[in-house]
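The values are calculated or read from the model by the stated rules, or taken from the named source; none is laboratory data. Computed from a predicted structure; not experimentally measured. All Cβ positions, even for glycine, are placed from backbone atoms using ideal geometry, and neighbour counts span all protein chains on display.
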Amino acid sequence: MRGYDDDKQELLARLRRAEGQVRGIARMIDEDVYCIDVLTQVSAATKALESVALALLEDHLMHCVAAATAEGGQVAQDKLREANAAIARLVRS
């Protein structure tokens, strides 16, 4: 079981919305829409994906990392290191 199993349908719905936003951005560029309007939509799509990433991260911390921490030892250290690397990637993006 993955940490996001309970939220899977909500995550998929968010991703479908983001996918629609990206298609809309492509359509806007194809139709030569004003660049600031396109950038506004790019920002909205980025925020939608960030929202999915944060939900996944929260689920990972609450499920996978919490379980590994309860187990302790090297498993806990590995999960914490993995979570830290994922957070660093999100912050850099």
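Of 58, 31, 50, which residue is farther than 25 Å from residue 79 by Cα and loosely packed, with under 15 Cβ neighbours inside 10 Å?
31
Quick check on residue 2: is it modelled with pLDDT under 95 and loosely packed, with under 13 Cβ neighbours inside 10 Å?
yes
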